[in-house]
Amino acid sequence: KAICKNGISKRTFEEIKEEIASCG
Amino acid sequence: DVAKAIINLAVYGKAQNRSYERLALLVDTVGPRLSGSKNLEKAIQIMYQNLQQDGLEKVHLEPVRIPHWERGEESAVMLEPRIHKIAILGLGSSIGTPPEGITAEVLVVTSFDELQRRASEARGKIVVYNQPYINYSRTVQYRTQGAVEAAKVGALASLIRSVASFSIYSPHTGIQEYQDGVPKIPTACITVEDAEMMSRMASHGIKIVIQLKMGAKTYPDTDSFNTVAEITGSKYPEQVVLVSGHLDSWDVGQGAMDDGGGAFISWEALSLIKDLGLRPKRTLRLVLWTAEEQGGVGAFQYYQLHKVNISNYSLVMESDAGTFLPTGLQFTGSEKARAIMEEVMSLLQPLNITQVLSHGEGTDINFWIQAGVPGASLLDDLYKYFFFHHSHGDTMTVMDPKQMNVAAAVWAVVSYVVADMEEMLPRS
């Protein structure tokens, strides 16, 4: 689920960090 | 290695200097792009064609009604204690003088407080403000409010020391605002040099008389457009990361720095992503605003039209403070979103531009930020910015192609990565 309207993410910050790092 | 690929293409590869060269072609041939002018509409039509020819998607124009003010012929001459031609630039929205001009004695003040203390001396005079330059946001109050405050105490006109951090006898224009119930008086900016000279004269008790002539006129609002193009998202096309700069400028110089640079690195961001064959999950939308200088008129219209979809805006980005060497990103959003932006900026380590600072606000994105959408502005080396801002000196000569390459790389990496993340940025 992409929409995160209420700031409630189903993903952990670590997962998001890894996702961003994969763009590096 | 998406970030590295963007950096390599923008800074070292085939795309290097492209945003500079594209910008030069526009501003050298069209020139300044004042709200309501034919030049601005010509620039919009050229950009519409440019964006289509670049292969961007959903290129279109969104109508906006914008102000139409023209400065006309203007001059100021010091008659006493000596004849001296004073360089002026009328301020946007100012009324003109009668054809014979206004000839009056000068009252020099250094602050609004001093004007209040000496209110009884102001009636029937031309008020000259010689306010010190502190920073733009504080000092610009004299430009925007100077005429109103002078009119409240009975002045006939106001001349305001240019809001500039450095001067080689350059007047700097900009918008000013009248207030309902307060008489409208003509208002213009003068150079730092003349403001200081008149202040010195006044401190010695020397009588100063100036003749001011301004042919400024306000015409009915006219039609214009925000210019829009996209790379449509592959997975969440209804969701948007917006990158932007404004296409209008003042009527002096070329508007190369303010905000040609911001507009063209925003276009370049989409070009780089397209050239690399990338398509982020959500839509990357380029908006070239119209009539920013008149108070974010195009941006307000865009917000009114699109706010119904506000929940789909992940990030709004604006570059309107120069495209000199970037030092980081200014960001406004929740702490969680900030932490994510810090990770995104870490991808720019190869350029050594990783800072995420506060205050991402900008005239054209503030409506969204105030409504809770995360916002970002490009932060660059501002040292020279207010040397040239709103002056005849804002030309391509100020611009540096290599610095624009780096700015475009930062803009492209940030916009692409945020647009390609699985989730939108969290809001507070």
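So how do B:54, B:259, B:223 line up by other beta-carbon neighbours within 10 Å, fewest first?
On the way: B:54 16, B:259 31, B:223 12.
Fewest-to-most Cβ neighbours within 10 Å comes out as B:223, B:54, B:259.
Could you tell me how far the Cα centroid of the range B:244-273 sits from the Cα centroid of the range B:10-68, in Å?
Distance between centres, Cα-based: 8 Å.
Counting other Cβ atoms within 10 Å of each Cβ, which GluC sites (Glu not before Pro) in the range B:115-213 have at most 16 and sit in a DSSP loop? Present the calculation step by step, with values, prior to reporting the outcome.
Values: sites: B:121, B:149, B:177, B:193, B:196; in loops: B:177.
The qualifying sites are B:177.
Which residues make up the longest stretch of chain B clear of trypsin sites (Lys or Arg not before Pro) that lie in a DSSP loop with no more than 11 other Cβ atoms within 10 Å, not counting the sites?
My reading of the result: B:208-428 is the longest stretch.
I want the antiparallel fraction of DSSP beta bridges within chain B, as a percent rounded to 5.
Values: 38 of 70 bridges.
Of all bridge pairs located within chain B, approximately 55 percent are antiparallel.
Kindly put B:6, A:16 in sequence by how many other C-beta atoms sit within 10 Å of each C-beta, fewest to most. Intermediate values should be presented prior to the final figure.
Details: B:6 31, A:16 21.
Exposure proxy ranking, most exposed first: A:16, B:6.
Mind pulling the per residue volume of the convex hull built on the Cα atoms of the range B:1-41? Å³ is fine. Before the final figure, lay out each step's value.
Details: hull volume 3.5 nm³, N = 41.
Taking the convex hull of the Cα positions in the range B:1-41, it is 85 Å³ per residue.
Rg and Dmax of the range B:12-139, Cα atoms, in Å?
Rg and Dmax of the range B:12-139, Cα atoms, are 22.3, 65 Å.
Determine the relative contact order of chain B: mean sequence separation of Cα pairs under 8 Å and six or more apart, normalised by residue count, in whole percent. Don't skip to the answer; put the middle values down first.
Numbers: 1080 pairs, mean separation 93.7, N = 428.
Relative contact order for chain B comes out at 22 percent.
Restricting attention to the alpha-carbon atoms of chain B, what are Rg (one decimal) and Dmax (integer), both in Å?
Just the Cα atoms of chain B yield Rg and Dmax of 22.7, 72 Å.
Taking a quarter of the surface of the convex hull around the Cα atoms of the range B:318-366, what do you get in nm²? Show your work: numbers first, answer last.
On the way: hull surface 13.9 nm².
Projected area, direction-averaged: 3.5 nm².
Please compute P(r) over all alpha-carbon pairs of the protein assembly as shown, binned at 20 Å starting from zero, and give each bin as a whole-number percent.
26, 50, 22, 2
If every alpha-carbon in the range B:251-339 counts as one equal scatterer, what log10 I(q)/I(0) does Debye give at q = 0.13, 0.24 1/Å?
-0.57, -1.44
Fewest first, what order do B:305, B:107 take by the number of other Cβ atoms within 10 Å?
Values: B:305 13, B:107 25.
With the fewest neighbours first, B:305, B:107 line up as B:305, B:107.
No value in this document is a laboratory result; all are computed from the given coordinates. None of these values were measured; they are calculated from a predicted model. Virtual Cβ from ideal backbone geometry, glycine too; neighbours counted across all protein chains shown.
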